[in-house]
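Student: Got a structure here, written out as structure tokens. Questions coming.
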Amino acid sequence: MLTKNRERMFSLINFNKKVFKLSLIFVLVIVILTGCQSTPKDAVAKVNGDTISKTEFNKAFEMVKKGYEDQLGPDIMSQEAEKGKTVEELIKENILEVLIMEKIELKEAKKNKMTATDEEVNELIKQYKEKLGGEEEYKKFLENNNVDESYFKEMVKKEKTIEKYREDYINKTEVTDEEAKKFFDENKDAYEVVKASHILVETEEEAKNILERIEKGEDFKALAKEKSKDEGSAKEGGDLGYFTKDKMVPEFSKVAFSLKPGEVSEVVKSQHGYHIIKVEDKIDKYDKANDEMKDEIVQGIKVTRFQEHLEKMRDEAKVDIYTEENKKSEDKSDDKKDNEKKENKKAS
């Protein structure tokens, strides 16, 4: 339902695993409150001439705040999150940034003559209802937030319009084979994989005995089925399938990725016990990747370029922010600059 860029923005406030449960509330709040066309008397920001009203910002914050307090307790807003900021400060920053990006992308979508169809909107409404728990919960949501269904559908239409714009940009982005190879090399930890099997036992002595039997020619898979305490892989002859470095504990990955296909490791100790690892296959170059992996790499490049495009639009947008928090931040920044000038003057 959400694009990767939106998920990335939402993840900024999900500093606690419990907070993930609240992400749907945040999505729906933003969908409801963006796109207000009237110019209010007061504003928290202006984006390329479009105003974000204090009313829509405050309503979004109050609803998200309530969700956090219901889930994590009444004092959650005052707790420290990151970079010396409280949860409340971080939430406010991110709500405003999402609202700003909504304004920028919606205007860009309209410029490219993109809009959502009624069928697409109805499908999204159906998904929202399922996420909320059905028709009754959906109606309660609208009632609790003082929103009628026609207005909500209009907001969903805008959300879908932005999504279509993003997908169109990504699909039109061209990636050469050379660019894909370079991207693979620069992100090897994410894409380099090995296919390996292992035998896991409790003691080093037992592992050494099994390794000796393997070195004498006994079948690795047969021994895995007989001896390995990893029941999930043992029945498959120790087969763990393909995996990246981050999928296994460091001690295991370090050895597995150092082996060549067909090689068997020495005994490897980890928190799980003692392993004997056999590498079956290794994809450490782009040319070795299968079509599915190559498609994933190309898509990764396209999404990265779209993110760069978003950042460029954000940098070039004329954005004026009028919140007290922003004023405090600017004052702190000015104080820092003044102090730096004083220090430089002293040093000279």
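The values are calculated or read from the model by the stated rules, or taken from the named source; none is laboratory data. Keep in mind it's a predicted model, so treat the numbers as computed, not measured. Neighbour counts are summed over all protein chains in view; Cβ atoms, including those assigned to glycine, are modelled from backbone coordinates with ideal geometry. Heavy atoms of the whole protein, side chains included, go into the accessibility calculation; ligands, DNA and RNA do not. Shrake-Rupley method; radii C 1.70, N 1.55, O 1.52, S 1.80 Å.
Student: Counting only residues that are without any contact (Cβ under 8 Å) to a residue 40 or more places away in the chain and either open to solvent by 20 Å² or more (accessible area, probe 1.4 Å) or in contact with a His (Cβ under 9 Å, 6 or more places away or on another chain) (or both), how many does segment 141-150 have?
Tutor: So the answer is 6.
Student: Which of the residues that make up segment 114-135 are within 26 Å of the chain's Cα centre (by Cα) and open to solvent by 100 Å² or more (accessible area, probe 1.4 Å)?
Tutor: Result: Lys126, Glu130, Lys131.
Student: Here are Ile95, Ile13, Ile30: which of them is open to solvent by less than 20 Å² (accessible area, probe 1.4 Å) and at pLDDT 90 or above?
Tutor: Matching residue, one of Ile95, Ile13, Ile30: Ile95.
Student: For segment 176-191, how many residues meet the condition of being touching a Phe, Trp or Tyr at 6+ places or on another chain (Cβ under 8 Å) and either open to solvent by less than 20 Å² (accessible area, probe 1.4 Å) or aliphatic (A, V, I, L, M) (or both)?
Tutor: Residues flagged as touching a Phe, Trp or Tyr at 6+ places or on another chain (Cβ under 8 Å) and either open to solvent by less than 20 Å² (accessible area, probe 1.4 Å) or aliphatic (A, V, I, L, M) (or both) within segment 176-191 amount to 2.
Student: Something else now. From the list Lys111, Lys107, which residue is closer than 30 Å to Asp315 by Cβ, basic (Lys, Arg) and surrounded by 14 or more Cβ atoms within 10 Å (Cβ to Cβ)?
Tutor: So the residue among Lys111, Lys107 that is closer than 30 Å to Asp315 by Cβ, basic (Lys, Arg) and surrounded by 14 or more Cβ atoms within 10 Å (Cβ to Cβ) is Lys107.
Student: Tell me which residues, restricted to segment 271-324, are acidic (Asp, Glu), under 28 Å from Gly237 (Cβ atoms) and part of a helix (DSSP H, G or I).
Tutor: Asp291, Glu292, Glu296
Student: Among the numbered criteria (1) of a type in the set (S, T, N, Q); (2) over 26 Å from the mean Cα position of the chain (by Cα); (3) surrounded by 19 or more Cβ atoms within 10 Å (Cβ to Cβ), which one does Thr161 miss?
Tutor: For Thr161, the failing item is (2).
Student: Shifting gears a bit: Restricting to segment 244-290, name every residue that is among the hydroxyl-bearing types (Ser, Thr, Tyr), open to solvent by less than 20 Å² (accessible area, probe 1.4 Å) and farther than 16 Å from Ala190 by Cβ.
Tutor: Ser265, Ser270
Student: What do you reckon, is Thr203 among the polar types (S, T, N, Q), out of contact with any strand residue (DSSP E or B) (no Cβ under 6 Å at 6 or more places or on another chain), closer than 30 Å to Glu251 by Cβ and surrounded by fewer than 13 Cβ atoms within 10 Å (Cβ to Cβ)?
Tutor: Spelling it out, Thr203 is indeed among the polar types (S, T, N, Q), out of contact with any strand residue (DSSP E or B) (no Cβ under 6 Å at 6 or more places or on another chain), closer than 30 Å to Glu251 by Cβ and surrounded by fewer than 13 Cβ atoms within 10 Å (Cβ to Cβ).
Student: Which condition number does Lys85 fail, the rest of (1) farther than 18 Å from Leu106 by Cβ; (2) surrounded by fewer than 18 Cβ atoms within 10 Å (Cβ to Cβ); (3) modelled with pLDDT under 55 being met?
Tutor: Here Lys85 clears every test but (3).
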